[in-house]
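The values are calculated or read from the model by the stated rules, or taken from the named source; none is laboratory data. Quantities reported herein were computed from a predicted structural model and do not represent experimental measurements. All Cβ positions, even for glycine, are placed from backbone atoms using ideal geometry, and neighbour counts span all protein chains on display. In case anyone asks, the SASA skips ligands and DNA or RNA and just uses the protein heavy atoms, side chains included. Shrake-Rupley method; radii C 1.70, N 1.55, O 1.52, S 1.80 Å.
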Amino acid sequence: MALRGFLAVSRRELLVLAVLAFSWTAASIQDCDRGLRNYGGLPEAQYSSSPRRQAGGMSVLYSMVHNFLNIVQPNPFPTDIIKLLMENIEELQNSYVKVVQYEVGYIVCAVIGILFFLLMPLVGLCFCCCRCCGKCGGKMYQEQTESMDCRRRVLAVGLLVVTSVILAGSVCMFVSNEEVSETVQDSETLLSNILGNLKLYISTIQTQVTAITSAVSVPVSLVTANLDNIGSNLGDAIREKLGESVYPALSAASELAQDIKQTNDRLMLVNNTAVELIQQQESLQRNLSIIQQDINSTLNQCGGPCANSRDLVTGLTLVANFSKVPNMDKVIRAMGLVVESNLQSAVQEGYRAFNDTPALVTNQTASTVSEAKKSLRNIETQIKNIQQEFPLLHTTSSITSEIDKINSTIKEYYPKVRQANKYRWIVGIVLSCIILLIVVCNYFGLLLGTACLRPNVSPTQRNSASHSGGNFLMAGVSFSFIFSWILILLVFILFLVGGNVYSLVCKPWYNDKLLQAMEDLGLMDNFNLEKTLRLNTTLNISTVYRDCQNNTSAWKALNLGQSFNLDEYLNLSKYTEDISGQFENLNVNLSGITLLDDKGKETAKNVLKTGVEDLNFTSFSEQMSLPLIQSELLATVEKLQNLSKILPDPTKIKLNNEAASLKQLDVWIKSNMVPNMEALKEKHSESSRNNFKSQVVNTTLLKIESAQTVLHTKASDFIKNESKVYLDCQLSYFSQYVNWTKRAITQDVARCRPAANVLSSVATISCSYLLDSMNAFWFSMGWSTVFLIPSIILAVKLAKFYRRMTASDVYENGSPHFEMRKFNK
């Protein structure tokens, strides 16, 4: 039976070990903090604001110019013509029809301008000759009609409107001329800011890449700190995993040690209590015997009345016999020796040895940790060296140098530009003043003629002020003939230049077709962006510019992935191979941990040799279940008292005294023997329940041996598994860093809108600031010059209504017929 029990326990323990081994392979207890780390934001530069066109009130004029030029040149960008021009100019001569079709709007305007240029001085000369011959209003005679006043007013209003239009053109000429001057003056600062932004952008690339590579210190610091606490991290994990089999065994051994101590204490208490009860039982037996003899003597003396009461004495005999308690002195002495061996101390020593696993791990992994820290420093160095191979960084110094050269060239030539702009401004002011002079002449003529003319006065009697008004109008006509052909020539030249620049450069720039057309035409071949940036890739300038306008990262805009294999440089296994090898070879030996030494095991086995297992409490239990005395003493007391009532003295007195003795004896039993009996029953019950069996001791020792076997045979597998989990946890920090680095480099580093803003800003300065102002200038001068034609016609027709005539029609003797009369001046 004992053998079958032992085998059953062994099978159960093996099953427990199998379950523990399976649970070990299924999961790990290490808790790795895989939360996202804060690597900090990439440094961003503070760029100067890019120029933005603030046209204000001139926006209407600029819109008019754009609409006019779009009407003049509605054709798309002439890619085929420019391509033909570049490939074979002789072929272009044979295809002049294409050029004419494209420039038909400008040709029509040129024809109009040439006719104006040729006809205006010719017409002016003819008009002058005609006037000198007394024709074309040169004859100082005015026929007076009833509609003369109406005609004069209509002509005056018409001339006022036309002159106001010319004045608006003159004002726009002044404003646009000033705009051009301010643009030229501010362009040096604007260009310097643009180039400064470009330099700042280029330097930011270096700063951002350095910030990314320097962020490797975050995972390196975390892993280094974890390596410094490898005992708390890996050691605790190993201890907790092994503790699933070790702690139950140690707990069973500790419980066994406690049971040994408690059993020894209970046996000693039972033994002492039993000895005391035996002594008390002997005293009780003596007292009962004395009282029994006294009662028998009294009943014998009583005679017949007491004959039926002799059975009272027979009930005063002891039933339970406490002398049948087994002798435990030998067992107690043996148990005392076991207790003195202090099994609990040996178990606690096993606890301490096993709980020191983290310190053991720390000591045995010191060399591995040291090598791992060296590898971490090597990883940090290698990743920081990535910036030496990163594209763009090799060219930053040369590009910055070229920017400085451009900036120096601008500063060198800008004084000459300012000087030339001063002369241009003077010419613009002069041309504006010419238009303004004609306007002033017309306004003075209208003012003097309208304000000082007396309609009822004969034309020959008109005052000098009105006459001066007519002369101002003719002066305006003279200036118009003198300067209009020069003005139209300048308008024609500026129109051809400014209009074509707008149509061929600014307009396609606004609709994002210029760069694409230049690439298609091969105009960008000399500007090899790949070579400039030392990139092994193919770039499309228009695509790059469009991506940069959307603030795409330089990685995507410049296709840096073709020149730089980021996955290769950020290959995690490339950097962590050494650390992985070191942890794979990690050797933590826990075989030196002894859960229970030989002395402790011998102590546990000695319990079975004490005889405690052989103690037989059966007869004792039977005696404990019997009553102490056959009859109840108080019932006997009551019977004696009832009997004494019918008997005379002195028998009555003796029976009462004997009843009192029994009553006192009952009190003594309850106060002395009953507590000991109750205590003895309780301790006997506990001892019976916790009585040692070989099965309990063997099971405990089997648990200890099984746990010790796990430490010797399975611990290495536990350690290897937990080391792998621990390593994966540490490598996860680098994995997070690598993912963050890839995302930062491919999405955030060198967002190139500042670079695109350089081209956009140059276009804004050239087109929106400078060209629009220049085009507004010739457009304003052109419309003022064109409106000089109706101004001349209206001024000539209106002048004779204000000037003093040498002859006029008068009424004679009330005749309804007009008769011309000549008056002396």
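Can you give the accessible area of His394, probe radius 1.4 Å, in Å² rounded to 10?
In the full protein context, His394 sits at about 90 Å².
Sorted by accessible area (1.4 Å probe), largest first, how do Val165, Val758 line up?
Sorted descending by solvent-accessible area, the residues read Val165, Val758.
For Ser370 and Arg743, FRET efficiency with R0 = 35 Å and r from the beta-carbon atoms, rounded to 0.05? Provide the component values of the computation, followed by the final result.
Working: r = 33 Å, r/R0 = 0.96.
In this case the efficiency is close to 0.55.
Expected output is a single nm value to one decimal: the length gained when fully extending between Glu188 and Gln46, i.e. 0.36 nm times separation in residues minus the C-alpha distance. What is it?
Values: separation 142, 0.36 × 142 = 51.12 nm, distance 2.04 nm.
Once the chain is fully extended between Glu188 and Gln46, it gains 49.1 nm.
What figure in square angstrom, to the nearest 10, would you give for the accessible area of Phe174 with a 1.4 Å probe?
Rounded to the nearest 10, the figure is 60 Å².
Past 27 Å, Cα to Cα, is the threshold; run Lys261/Lys681; Lys330/Lys703; Lys574/Lys720; Lys199/Lys411; Lys654/Lys681; Lys599/Lys681 against it and keep the listed order. Each step should come with its number before you reach the end.
Numbers: Lys261/Lys681 20 Å; Lys330/Lys703 30 Å; Lys574/Lys720 22 Å; Lys199/Lys411 17 Å; Lys654/Lys681 38 Å; Lys599/Lys681 35 Å.
Listed pairs above 27 Å: Lys330/Lys703; Lys654/Lys681; Lys599/Lys681.
Need one number for region 297-452: average projected area of the convex hull over its C-alpha atoms, nm².
49.8
Rounded to the nearest angstrom and ordered from largest down, what semi-axes does the equivalent ellipsoid of region 222-375 get from its C-alpha gyration tensor (root of 5λ)? Could the numbers behind the result be given before it?
Values: eigenvalues 1115, 37, 15 Å².
Semi-axes from the Cα gyration tensor: 75, 14, 9 Å.
Could you calculate the contour length gain from Gln348 to Ser401, that is, 0.36 nm times the residue separation minus the distance between their Cα atoms, to one decimal place in nm?
Roughly 11.4 nm would be gained on extension.
For a Förster distance of 60 Å, can you work out the FRET efficiency between the beta-carbons of Asp728 and Gln258, rounded to the nearest 0.05?
The computed FRET efficiency comes out at 0.90.
What figure, in Å² to the nearest 10, do you get for the accessible area of Cys172 with a 1.4 Å probe and non-protein molecules left out?
So the heavy atoms of Cys172 present about 30 Å² to solvent.
Which ³J(HN,Hα) values, rounded to whole Hz and listed in residue order, are derived for region 468-477 from phi using the Karplus coefficients 6.51, -1.76 and 1.60 in 6.51 cos²θ - 1.76 cosθ + 1.60 with θ = phi - 60°, glycine and proline given as x?
5, x, x, 5, 4, 5, 5, 5, x, 4
Zone of Cys132 (label point 7 Å along Cα→Cβ, backbone N under 17 Å): which residues in region 464-505?
Residues 478-479, 481-482 fall inside that zone.
Calculate the spin-label point distance for Asn287 paired with His66, positioning each point 7 Å from the Cα along the beta-carbon direction, and give it in nanometres.
Here the answer is 12.9 nm between the modelled labels.
Give the lysines whose C-alpha is closer than 23 Å to that of Lys513, dropping any in the same chain fewer than 8 places away, or say none.
Lys83, Lys98, Lys556
In nanometres, what is the gap between the two model label sites at Asn300 and Asp578, each 7 Å from Cα along Cα-to-Cβ?
Here the answer is 11.4 nm between the modelled labels.
Please list Ser192, Ser573 from largest to smallest accessible area, probe radius 1.4 Å, with all protein chains kept in place.
I get Ser573, Ser192, largest accessible area first.
From the backbone phi of region 246-253, what are the Karplus-calculated ³J(HN,Hα) couplings (6.51 cos²θ - 1.76 cosθ + 1.60, θ = phi - 60°) in whole Hz, Gly and Pro given as x?
In residue order, the calculated couplings are 7, 5, x, 5, 5, 5, 5, 5 Hz.
Whenever you get a sec, line up Tyr510, Tyr726 from highest to lowest accessible area (probe 1.4 Å, protein heavy atoms).
Reading off the accessible areas and sorting them downward yields Tyr510, Tyr726.
Applying 1/(1 + (r/R0)^6) with R0 = 60 Å to the Cβ-Cβ distance of Val275 and Asn589, what FRET efficiency is obtained, to the nearest 0.05? Could the numbers behind the result be given before it?
Values: r = 55 Å, r/R0 = 0.92.
Approximately 0.65, to the nearest 0.05.
Please give me the summed charge of the neighbours of Asp748: other residues whose Cβ is under 14 Å from its Cβ, Lys and Arg +1, Asp and Glu -1. Let's see the in-between values first.
Values: positive: Lys556, Lys742, Arg743, Arg751, Arg753; negative: Glu44.
Around Asp748, the charge tally is +4.
Quote to one decimal, in nm, the extra length available between Asp597 and Ser221 on full extension: 0.36 nm per residue of separation minus the C-alpha distance between them.
The span from Asp597 to Ser221 would gain 131.1 nm if fully extended.
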